[in-house]
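Participant: Let me give you the structure first, and then I'll get to my questions.
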Amino acid sequence: MSDRPFRCGYVAVVGRPNVGKSTLVNALVGTRVSIVTAKPQTTRHRVLGVMSTASAQVVFVDTPGLHRTSRKAMNRMMNRTALSALADADLVLFVTEAARWVDEDEDVLSTVGRYDAPVVAVLNKVDTVHPKPVLLGALEAMAARYAFADLVPVSATRGNNLDALRKVVLPFLPESPALFPEHMRTDRSPAFHAAEAIREKLMLMLHQELPYGVSVQVDRYDSSGEQVAIDAVIWVERESQKGIVVGKGGRQLKHVGQAARLDLREQLGRPVHLELWVKVRENWADSESELLALGFDPV
């Protein structure tokens, strides 16, 4: 039996949109707890990814990307969700792209600096940086920006250097018993993950702007039979958007449903029966009460 004390704590994973935070959390935990697309602001909710070992439990908090644009209530709520994770964190992973630094990164770093938790800089997407002296220059530039507790270059998509990052994280966690059962990987329900899987397919299949006016709500999730039965509503803000999601002769909605069903079947290891409806809920993204009704975090 080890003499080392058991450690457990919260690690907030923050950064501007589209730097790979969700991909990183999924890779660190070893399973998909958050959906991933190449489009900014894919993550809208605070999602916990739990990594348990014999000596520690790390609770990674995947957050929406902190961003300047706060025109709508949804954007403001997403920013508040990310800030609440910072307030509760034992450690912060500040994620950036290794070879790219923009004003929004500076904004996030300025925000992170207002909190007490130590900060580790994670330079992601190192597999895209060539030649290697460019990466050394990026690390030196990052070190000059803030008194980071450590700097770790990684590639979340390829799994490069993730073990080193895990080792860096552990000493910052407080001595504490585990907060979650050892087998648990996320705090979110199967119905939540089903809704997110459907939204992921919508974001991948729809054109540039529409995904941000789309939300998914699961009305029924029944896993009591041989197959999992899921009924879900795709909410849009305007009647014109409904036609885009449904598509000519219902083809677009059929494609979304097929892709989501196959994905869910693979995740669950069971047959899935999925029914989708598209409904209009005007201006839901600019109403906090509507957002709360759709399952957004009350922060």
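Participant: For the chain, what is the charge dipole size about the Cα centre, in debye to the nearest 20, if Lys and Arg each add +1 at the Cβ and Asp and Glu each add -1 at the Cβ? Don't jump to the answer; show the numbers that get you there.
Facilitator: Values: 36 positive and 35 negative charges, 152 e Å.
For this selection, approximately 720 debye.
Participant: Let me ask another. Quote the FRET efficiency, to the nearest 0.05, computed for LEU170 versus LYS254 with a Förster distance R0 of 51 Å and r equal to the Cβ-Cβ distance. Provide the component values of the computation, followed by the final result.
Facilitator: Numbers: r = 47 Å, r/R0 = 0.92.
After rounding, the FRET efficiency stands at 0.60.
Participant: Using the structure shown, list the pairs from LYS125/LYS242; LYS21/LYS248; LYS125/LYS248; LYS132/LYS201; LYS72/LYS242 with a Cα-Cα distance above 29 Å, or answer none.
Facilitator: Details: LYS125/LYS242 36 Å; LYS21/LYS248 35 Å; LYS125/LYS248 39 Å; LYS132/LYS201 36 Å; LYS72/LYS242 20 Å.
From LYS125/LYS242; LYS21/LYS248; LYS125/LYS248; LYS132/LYS201; LYS72/LYS242, over 29 Å: LYS125/LYS242; LYS21/LYS248; LYS125/LYS248; LYS132/LYS201.
Participant: Of the peptides 149-155, 201-207, how do they stack up when ordered by the mean number of other Cβ atoms within 10 Å, highest first?
Facilitator: Numbers: 149-155: 19.7, 201-207: 17.6.
By packing density, highest mean first, the sequence is 149-155, 201-207.
Participant: Quick check: the distance between the Cα centres of region 210-241 and region 97-133, to the nearest angstrom?
Facilitator: Between the Cα centres of region 210-241 and region 97-133 lies a distance of 35 Å.
Participant: Right, next: Just want the answer: with Cβ charges of +1 for Lys and Arg and -1 for Asp and Glu, which residue in LEU28, MET74, TRP101 is farthest toward the dipole's positive end in region 27-117?
Facilitator: MET74
Participant: Okay, next question. Does the chain classify as rounded, prolate or oblate by the C-alpha gyration tensor (a ≥ b ≥ c root eigenvalues; a/c under 1.5 gives rounded; else a/b over b/c gives prolate, otherwise oblate)?
Facilitator: Prolate.
Participant: LEU268: net charge of surrounding residues, Cβ under 13 Å, Lys/Arg +1, Asp/Glu -1, itself excluded? Please report the intermediate quantities before stating the final value.
Facilitator: On the way: positive: ARG32, ARG261, ARG265, ARG270; negative: ASP222, GLU226, ASP263, GLU266.
Summing Lys/Arg as +1 and Asp/Glu as -1 gives 0.
Participant: Also, quick follow-up: Tell me the carbon and sulfur percent of the accessible area for the chain, rounded to whole percent, probe radius 1.4 Å.
Facilitator: Values: 7000 of 13910 Å².
On the chain, the fraction of accessible area on carbon and sulfur atoms equals 50 percent.
Participant: Now, a different point. Just to confirm a number: summing +1 for Lys and Arg and -1 for Asp and Glu over residues other than GLU196 whose beta-carbon lies under 12 angstrom from that of GLU196, what do you get?
Facilitator: Values: positive: ARG32, ARG44, ARG188, ARG199, LYS201; negative: ASP62, GLU200, ASP263.
The answer is +2.
Participant: Compute the semi-axes of the equivalent ellipsoid of region 90-206, taking the square root of 5 times each eigenvalue of the Cα gyration tensor, and list them largest first in whole Å.
Facilitator: Computed over region 90-206, the values are 27, 22, 16 Å.
Participant: Still on this structure, I have one more. Based on DSSP, what percent of beta bridges with both residues in region 13-159 are antiparallel, to the nearest 5?
Facilitator: Details: 7 of 20 bridges.
The antiparallel fraction comes to roughly 35 percent.
Participant: Here's something else I'd like to know. Please give the Cα centre distance for region 143-185 versus region 256-299, rounded to the nearest Å.
Facilitator: First find each Cα centre; the distance between them is then 31 Å.
Participant: Among rounded, prolate and oblate, which fits region 1-67 when a ≥ b ≥ c are the square roots of the eigenvalues of its C-alpha gyration tensor, a/c under 1.5 means rounded, and a/b larger than b/c means prolate?
Facilitator: Judged from the Cα gyration tensor, region 1-67 comes out prolate (a/c at least 1.5, a/b above b/c).
Participant: Further, regarding this structure: Antiparallel as a % of all DSSP beta bridges within the chain, to the nearest 5?
Facilitator: On the way: 18 of 48 bridges.
Percent antiparallel among DSSP bridges in the chain is about 40.
Participant: Whole number in Å², please: accessible area per residue of the chain, 1.4 Å probe, ligands, DNA and RNA not counted. Spell out each step's value before the answer.
Facilitator: On the way: 13910 Å² over 299 residues.
Result: 47 Å² of accessible area for each residue.
Participant: Which of rounded, prolate, oblate describes region 13-157, given a ≥ b ≥ c as roots of the alpha-carbon gyration tensor eigenvalues and a/c under 1.5 marking rounded, otherwise prolate only if a/b is larger than b/c?
Facilitator: Working: a/c = 1.33, a/b = 1.14, b/c = 1.17.
Cα axes put region 13-157 in the rounded bin.
Participant: Run the helix sum for the chain: -39,500 (n - 2.57) per DSSP H stretch of 4+ residues, divided by residue count, reported at 222 nm to the nearest 500 deg cm²/dmol. Don't skip to the end; give the middle numbers.
Facilitator: Values: 9 runs with 103 residues, N = 299.
Result for the chain, helices only: -10500 deg cm²/dmol.
Participant: Now for a different question. So how far apart, in nm, are the two label points at ASP187 and LEU262 if each is 7 Å from Cα heading toward Cβ?
Facilitator: 3.4 nm
Participant: In addition: Let me check I've understood the local charge: for TRP277, count other residues with C-beta under 14 angstrom from its C-beta, Lys and Arg +1, Asp and Glu -1. What total comes out? It would help to have the intermediate numbers written out before the result.
Facilitator: On the way: positive: ARG220, LYS242, LYS254, LYS279, ARG281; negative: ASP219, ASP231, GLU275.
Summing Lys/Arg as +1 and Asp/Glu as -1 gives +2.
Participant: Restricting to DSSP loop positions (anything but H, G, I, E, B) with no more than 13 other Cβ atoms inside 10 Å of their own Cβ, which trypsin sites (Lys or Arg not before Pro) remain in region 28-68?
Facilitator: Values: sites: ARG32, ARG44, ARG46, ARG68; in loops: ARG32, ARG44, ARG46, ARG68.
When the trypsin sites (Lys or Arg not before Pro) of region 28-68 are filtered for loop state and at most 13 Cβ neighbours within 10 Å, ARG68 remain.
Participant: What fraction of the DSSP beta bridges in region 155-299 is antiparallel, stated in percent and rounded to the nearest 5? Display every interim value, and only then the final one.
Facilitator: On the way: 9 of 18 bridges.
Roughly 50 percent of the DSSP beta bridges within region 155-299 come out antiparallel.
The values are calculated or read from the model by the stated rules, or taken from the named source; none is laboratory data. The structure presented is a predicted model; accordingly, all values stated were derived computationally and were not measured. Note that each Cβ is placed from the backbone with ideal geometry, even for glycine, and that neighbours are counted across all protein chains shown. Ligands, DNA and RNA are excluded from the accessible area calculation, which covers all protein heavy atoms including side chains. Shrake-Rupley method; radii C 1.70, N 1.55, O 1.52, S 1.80 Å.
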